[in-house]
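Notes for the one structure printed next.
The values are calculated or read from the model by the stated rules, or taken from the named source; none is laboratory data. None of these values were measured; they are calculated from a predicted model. Counting neighbours? That spans all protein chains shown, and the Cβs are built from the backbone with ideal geometry, glycine included.
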Amino acid sequence: MRSLLLTAAVLAASVLGGCASSPQAAFYTLSPERAIAPVDTGVAPLAVAIGLVAVPEIVDRPQLVLRVNATQVRIDEFARWAEPLKSQVVNVMVADLAQLLPGARVSSYPQWADRATAYQVAVDIQRFDSAPGDAATVSVLWLVRPPKQGTPVSGRSIVSEPAGAPGYDALVAAHSRALAAVCRDIAAAIRSTGGE
């Protein structure tokens, strides 16, 4: 009986010891471009509503999905997004567009925007590749619908941002820069339709 208790105690200690040495999960967030001071343009502010944002199902999960090669990915169970990737993309794009269009009221709630006065933006992320130590690559189709039934402007932005360093922090920062580049294209499209 004593040997059975001793064996049980050793097994319990080894299980607890194994749990104590397992890696801790790290959580990551995308971030917008550095904020700049708002500029008073003296004109009525633009209203921009980001509506539909689609991300590929393969990366629409809590874990970071890492590109190994053209036909293989790896899912890191201990590197996770702090909130759903789709939510982070929307939040970062709202903040970046607000910086790129000084004074604009940019919202992620299109139902709050008046279609007669607001620019409607739809985003379809077709590629969101993460290659640690190498680059973050995004391929995005986007559509801008001007107010008052103006002619829509569509485009495709393909951006590859070097990570610049090993590790996930550098990779996530590269994704943030890539999304900022996409927002620059969208802001240019808004300006091209008369939105200043």
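V92 falls short on exactly one of the conditions (1) without any contact (Cβ under 8 Å) to a residue 24 or more places away in the chain; (2) outside any strand (DSSP E or B), and that condition is (1). Kindly indicate whether G133 is at positive phi, outside any strand (DSSP E or B) and in contact with a helix residue (DSSP H, G or I) (Cβ under 9 Å, 6 or more places away or on another chain). Yes; evaluated as a whole, the condition is true for this residue. In the stretch 135-162, of all residues being of a type in the set (D, E, K, R) and either surrounded by fewer than 13 Cβ atoms within 10 Å (Cβ to Cβ) or closer than 23 Å to T117 by Cβ (or both), the one that is modelled with the highest pLDDT corresponds to R156.
Answer yes or no: is there a residue in the stretch 103-110 that is surrounded by 14 or more Cβ atoms within 10 Å (Cβ to Cβ), at negative phi, at pLDDT 95 or above and not in a loop (DSSP other than H, G, I, E, B). No, the stretch 103-110 contains no residue that is surrounded by 14 or more Cβ atoms within 10 Å (Cβ to Cβ), at negative phi, at pLDDT 95 or above and not in a loop (DSSP other than H, G, I, E, B).
So A188 clears everything in (1) closer than 14 Å to V48 by Cα; (2) touching a residue at least 24 places away in the same chain (Cβ under 8 Å) except one condition, right? Which one? If we test A188 against (1) closer than 14 Å to V48 by Cα; (2) touching a residue at least 24 places away in the same chain (Cβ under 8 Å), just (2) comes out false. Can you name every residue in the stretch 58-72 that is in contact with a strand residue (DSSP E or B) (Cβ under 8 Å, 6 or more places away or on another chain) and surrounded by 15 or more Cβ atoms within 10 Å (Cβ to Cβ)? Of everything in the stretch 58-72, those that are in contact with a strand residue (DSSP E or B) (Cβ under 8 Å, 6 or more places away or on another chain) and surrounded by 15 or more Cβ atoms within 10 Å (Cβ to Cβ) turn out to be V59, P62, Q63, L64, V65, L66, R67. Only one residue in A174, A165 is at pLDDT 95 or above, more than 17 Å from L97 (Cα to Cα) and not in a strand (DSSP E or B). Which one? Going through A174, A165 in turn, the sole match is A174.
Of all the residues in the stretch 62-97, those that are over 21 Å from S108 (Cβ atoms) and of a type outside the set (V, I, T) number 13.
E33 passes every criterion in (1) modelled with pLDDT of 95 or more; (2) among the charged types (D, E, K, R); (3) not in a helix (DSSP H, G or I) apart from (1).
The single residue among F78, F128 that is closer than 24 Å to A170 by Cα and surrounded by fewer than 16 Cβ atoms within 10 Å (Cβ to Cβ) turns out to be F78.
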